[in-house]
Amino acid sequence: MTTIFPLILPDFLLIALGALLLHRFGFSREFFQGAEKLVYYVLFPALLFDSITRIPLNLGDTWPLLVAAAALIAVGTALAWLALPILKPEHLQHAALTQCAFRFNTYLGMSLASAIAGPSGVAVMALLVGFSVPMANMVAVTVLARGQQGRIAIELLKNPLILSTVAALGWNLAGLSVPGPAQLAFSRLGACALGIGLLCVGATLSLQGSRQAGALISWITAIKLLALPVAALAIAWLLDMSTLERQMLLVFAALPTASSAHVLAARMGADSRLVALTMSIGTILAGLTIPLWLSLAT
C-alpha cells in the first residue's frame, strides 16, 4: 500500500486544492460551475474520444468490459434497493441516493488509470467509463423520473459523454484514423480535463446535509467503496480478465460517487444536498479505501 498511496495522492491534493480555492481564496461557485460545464461539455468528451480512438479495438476485446460494467451497475442498484426493506428509509431520500451506489467519478478514474498504467490503462478506463455512462444515467434518471419516459430519453440523448463515446467507438470499429492535427487538439483538450475536473470535484464537497439519513448514507457508501470492489474482483475472475483489465475494473469499482450526481438530483427535484453530502463523505473515505483495494490487485 505504501507504493500505491503516492500514485493517488496528487489527485486528492487537487481535490483539496479545489475546496481551498472555493472556501479560502475567493473563487466563486459561479467560477467552478463554469469550469465544470467546460469540462463536462468540451474537455472530457475530447479525452474520451482521443483515448478510445488511439488503440485498435474489436468486439471480441470489448465485450468483457461491457459485461463487467453492466454487472457492477446491476449489483450496485440491487444492493441499494435492499435498503428499502432493511432500513425502511424515506422514499424520496432513497430515490435520490440510489444513484450514489453505482455512479463513479470519471475524472478521478481516468487520472488514476493514467498514473497506474499509462496510456493503456487510460484506454481501458475510457471504455469502462464510456460503456457505463449511458447505463448509469439511464438507471439514475429512471429512479428519479418515476415514469417520465420522455425525460429519460432526453437526458440520455443530450449527454455529451454518451455522444462522444458512441462517436469514438463507431470511428474506431470502422477502422478510421484521426488526422494528426485533430488528434493533437483532442489530446491537449483531454490533458486539461483531469486537472480542472478534480479541482471542480473539490469545490463541490459539502458536509452539510440531513442527519436523519445517516444509516442510509452509511449503507450507500459501504456499497460503493466496499461491496462493488469485491464484486469487481469476482467479475474479473469469472471473465478471466487480463491483469490490466482487472486493475482498471477494480479502480473503476472503487471510485467514489460522481459529483454530477447532486446536479442530476437537483435538476430532477430530489434532495441534492443529501446527495452532495454522500458524495463528499465517499470521496474523503476513498482516499483510504482505494489504496487498500489496489494493493490487492497488484
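What follows draws every value from the coordinates through simple rules; no lab data is involved. Everything numeric here is computed off the predicted structure, so don't read it as measured data. Backbone-built Cβ (ideal geometry, glycine too); neighbour counts: all protein chains shown.
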* Using modelled amide H (1.01 Å from N, peptide plane; none on Pro or chain starts), what sits under 5 Å from the amide H of Phe104, excluding residues fewer than 5 places away? -> Ala258
* Structure fact -> A convex hull over the alpha carbons of the chain yields, per residue, a volume in Å³ of 127 Å³
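In percent, how large is the relative contact order of the chain, given Cα pairs closer than 8 Å and 6 or more residues apart?
Numbers: 417 pairs, mean separation 101.4, N = 298.
So the answer I get is 34 percent.
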* Structure fact -> Taking max minus min of the Cα coordinates of region 1-137 on each principal axis, largest first, gives extents in Å of 51, 45, 36
* Over what distance in Å are the Cα centres of region 13-92 and region 189-250 separated? -> 8 Å
* To do: Let me know the charge dipole size of region 1-125 about its Cα centre in debye, to the nearest 20, where only the beta-carbon of Lys, Arg (+1) and Asp, Glu (-1) is charged.
  => 180 debye
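What's the ranking of 78-91, 235-248, 121-134 by average number of surrounding C-beta atoms within 10 Å, highest first? It would help to have the intermediate numbers written out before the result.
Working: 78-91: 14.1, 235-248: 17.5, 121-134: 24.3.
The packing order, highest mean first, is 121-134, 235-248, 78-91.
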* Quick one: what are the phi-derived ³J(HN,Hα) couplings along region 163-169, Karplus 6.51/-1.76/1.60 with θ = phi - 60°, whole Hz, x for glycine and proline? => 4, 5, 5, 4, 4, 5, 5
* Asked: For region 192-206, what does the Karplus curve 6.51 cos²θ - 1.76 cosθ + 1.60, with θ = phi - 60°, yield as ³J(HN,Hα) per residue in whole Hz, taken in order and with x for Gly and Pro?
  -> 6, 5, 5, x, 5, x, 5, 4, 5, 4, x, 6, 8, 5, 8
* Asked: Can you list the HN-Hα couplings for region 271-285, worked out from phi with the Karplus curve (6.51, -1.76, 1.60; θ = phi - 60°), rounded to whole Hz and with x for Gly and Pro?
  -> 7, 5, 5, 5, 5, 4, 5, 4, 4, 5, 4, x, 5, 5, 5
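For a quick protection proxy, order the peptides 285-292, 196-203 by their average other-Cβ count within 10 Å, most packed first. Each step should come with its number before you reach the end.
Numbers: 285-292: 17.8, 196-203: 24.6.
Final packing ranking: 196-203, 285-292.
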